[in-house]
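Data first, discussion second: the structure below is written as structure tokens.
What follows draws every value from the coordinates through simple rules; no lab data is involved. Just so we're clear, the structure is a prediction, and the values are computed from it rather than from any experiment. Cβ placement follows ideal geometry from the backbone for every residue including glycine, while neighbour counts extend to all protein chains displayed.
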Amino acid sequence: MLGLEIAVVLFAIFLGARLGGIGLGVMGGLGLAVLTFVFHLEPTQPPIDVLLMITAVVTATSALQAAGGLDYLVKLAERFLRNHPERITFYGPFVSYLFTFVAGTGHVAYSILPIIAEVARETGVRPERPLSVSVIASQHAITASPISAATVALLGLTAGNGIELIHILGVCVPSTLCGVTCSAFLMRKYGKELHEEEGNGSIVKAEEPKSSVKIRQSGRSEAQILKNAKISVMIFLCAIFGIVVCGSSPSLRPAWLHNGSLVALDMPILIEVIMLSAAALILLFGKVNVAKVPDGSVFKAGMQAVIAIFGIAWMGDTFFAGHGDGISGAIKDMVLMAPWTFAIALFIFSIFLFSQAATVRSLMPLGVQLGIPAPFLLAMFPAANGYFFIPNYPTVVAAIGFDQTGTTRIGKYVLNHSFMLPGLVTAVVSVGVGFLISYLFL
């Protein structure tokens, strides 16, 4: 019976990943229905806190995008990269990392990748070098961002073990930055130089520089639009700063007496309140056309993530609740003896789920059940960035398309693509450094 239930769960994940978009979530719902009505497993409570946190963050980020804030940040990044073209292999990935870190979604990379490709081509640098690392950097920044769906999902799972947001950031920010740095250093001389690449002689010629992003909105002056964009960015950054500061010290949060003890406001609720408030302030002071908020790419991608986590996480929670003791007993000794093996499971799951958040909600509860120390779970968090492995994720495909020189490519054997080396190096280094930080400081 257990084997059939595992087959149902895996088939739902596989079919959902093939469908893409909201397919992952609805197939999770179908798998849950089979587990409930056919195998009579009792459904657990749906992951409401995680879903509400993600919804609040997506709302604020979408308001920022509608106010022109993301476009404004992209223009600043473009100016910076064009002023330092000779260091594009290092600066490109870190700009991509920073954007994802601030926005909480890797889809903002679409605005940065064409700039990186253009600056590299004009400078004579092989575009594959900065583009490949930049895509990987944007993925790993998700597991370091205080407002990403994956981070809030992990926080919701580990909060009961004494883990605060500051602990997640303290482990994952330095570890992922170390991983990205190692990959950039490794890729700085990777492959032939652009002028040596066959067939690229005509493409290497410098082109007239052009801005990749323009902030426009009918009926309003460019100065007013820019002012509103700056205001929206300041509001959003203040909200992130407030979340990090309050997450660092529970004493800064509102508290109430419950049964004679002082209880501070939970982080999930804090994140929801602050991000919804930030969205409201952006709408008011950024003079946003509210109808444009749900039309943005960030809102659409975020809502897909909500639906995906809803179905997959609920199905996974129900399965592990029904068979947690048996599964834990079978592999507990092995995982506790070598906790890093759980990172391999996270990596493999992420390849098929195409989502760090869905991977965390599907597999991390098992890690908690197995008794893996919470600091080690934080260290293994970046292992959920495995969806570069099969080169069909949108940011991977976009980077290949933006490289007009053709150096960023999918190899003859599919898996020998431009992103494999930096992706594996970044994941291994990030997890390794994460374990070191967790061992020394947590």
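Observations, loosely collected:
- Close lysine pairs were tallied over the chain: pairs 8 or more places apart or on different chains with Cα atoms under 19 Å apart number 15.
- Sorted fewest first by neighbouring Cβ atoms within 10 angstrom, 403, 317 come out as 317, 403.
- Where labels lie 7 Å past Cα in the beta-carbon direction, separation of residue 258 and residue 241 in nm: 3.1
- Rounded tilt (10° steps) of 2-19 against the dominant C-alpha axis of the chain: 20
- Backbone amide hydrogens, once placed in the peptide plane, bring residue 44 within less than 5 Å of 318, excluding anything fewer than 5 places away on its chain.
- Helix 340-353 axis, angle to the chain major axis (alpha carbon atoms, nearest 10°): 70
- The chain: angle of helix 149-158 to the longest principal axis, Cα-based, in degrees nearest 10: 30
- The spacing between the stretch 349-363 and the stretch 143-165, judged by their C-alpha centroids, is 15 Å.
- Only helices enter this figure: runs of n ≥ 4 DSSP H residues, each worth -39500 (n - 2.57), summed and divided by the residues of the chain, yield -23000 deg cm²/dmol at 222 nm to the nearest 500.
- Considering only 28, 68, 411, the Gaussian network model of the chain with Cα springs below 10 Å gives its largest mean-square fluctuation to 411.
- Rounded to the nearest 20 debye, the dipole magnitude of the stretch 72-159 is 100 debye, with +1 charges on Lys and Arg beta carbons, -1 on Asp and Glu beta carbons, and the Cα centre as origin.
- Candidates 360, 291, 132 compared by Cα position along the dipole of the chain: farthest toward the positive end lies 291, with charges placed on Cβ.
- Taking the fewest neighbouring Cβ atoms within 10 Å as the starting point, the ordered list for 128, 118 is 118, 128.
- Sequence of 231, 6 once ranked by neighbouring C-beta atoms within 10 Å, starting from the fewest: 6, 231
- Averaging Cα coordinates gives a centre for the stretch 1-36 and one for the stretch 65-123; these two points are 37 Å apart.
- Most mobile listed residue (78, 193, 164) in the chain, GNM with C-alpha springs under 10 Å: 193
- Estimated vicinal HN-Hα couplings, Hz - the stretch 105-115 in sequence order (Karplus 6.51, -1.76, 1.60; Gly, Pro = x): 9, x, 6, 5, 5, 4, 7, 8, 4, x, 5
- Electrostatic dipole magnitude of the stretch 2-441 [Cβ: Lys, Arg +1; Asp, Glu -1; Cα centre; debye, to 20]: 1040
- Measuring r between the beta carbons of residue 333 and residue 80 and using R0 = 45 Å, the FRET efficiency lands at 0.35.
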